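Here's the structure we're looking at; comments come further down.
The values are calculated or read from the model by the stated rules, or taken from the named source; none is laboratory data. Remember, it's a predicted structure, so these values are computed and weren't measured experimentally. A quick note on method: Cβ atoms are made from the backbone with ideal geometry, for glycine too, and the neighbour counts reach across all protein chains shown.
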């Protein structure tokens, strides 16, 4: 396994752990939102800010990409808050995407983020139109029946279940079927009639 693959697995495990510890709150439509980040001084290391401020009482709101970003910073490296990485009290989206791109390809993050946001149309725009149109009913319905935290945990479990594979829509759907065969997500499966 490559260093990047090992880091991806560690990030996925950390995202799940932070969600279970309630230090992350999964929220659609938000990359990363935490009061301490917005009030931090330029030059501060994000890793240091998170160590001091990220608690269950003061969780960070994150989407899928934001969760991977924050876990990556927590685990691996310093991220300096500058006028380029911090705009109007929020982390710059380009900075977030650049950091996450070290672990996941753009296509993978589109699939993970679009699945988290439950935006099939977004996936269709980026080259997986036929697969989404022809074969996504159960997958999209499954995602719709999960709360954001459950959805983010599921997507990180897809990463963990496929350590040497890219996360494509097909891989995510195949992993979901595998989970169904293992008896996981029974209630959600019944809701969508599979």
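Yes or no: residue 112 modelled with pLDDT of 90 or more, buried (at least 16 other Cβ atoms within 10 Å of the Cβ) and assigned by TED's automatic domain parsing to the domain that holds residue 160?
Answer is yes for this residue.
Given the options 28, 61, name the one that is in a loop (DSSP other than H, G, I, E, B) and either in the same structural domain as residue 119 (by TED's automatic domain parsing) or closer than 23 Å to residue 116 by Cβ (or both).
28
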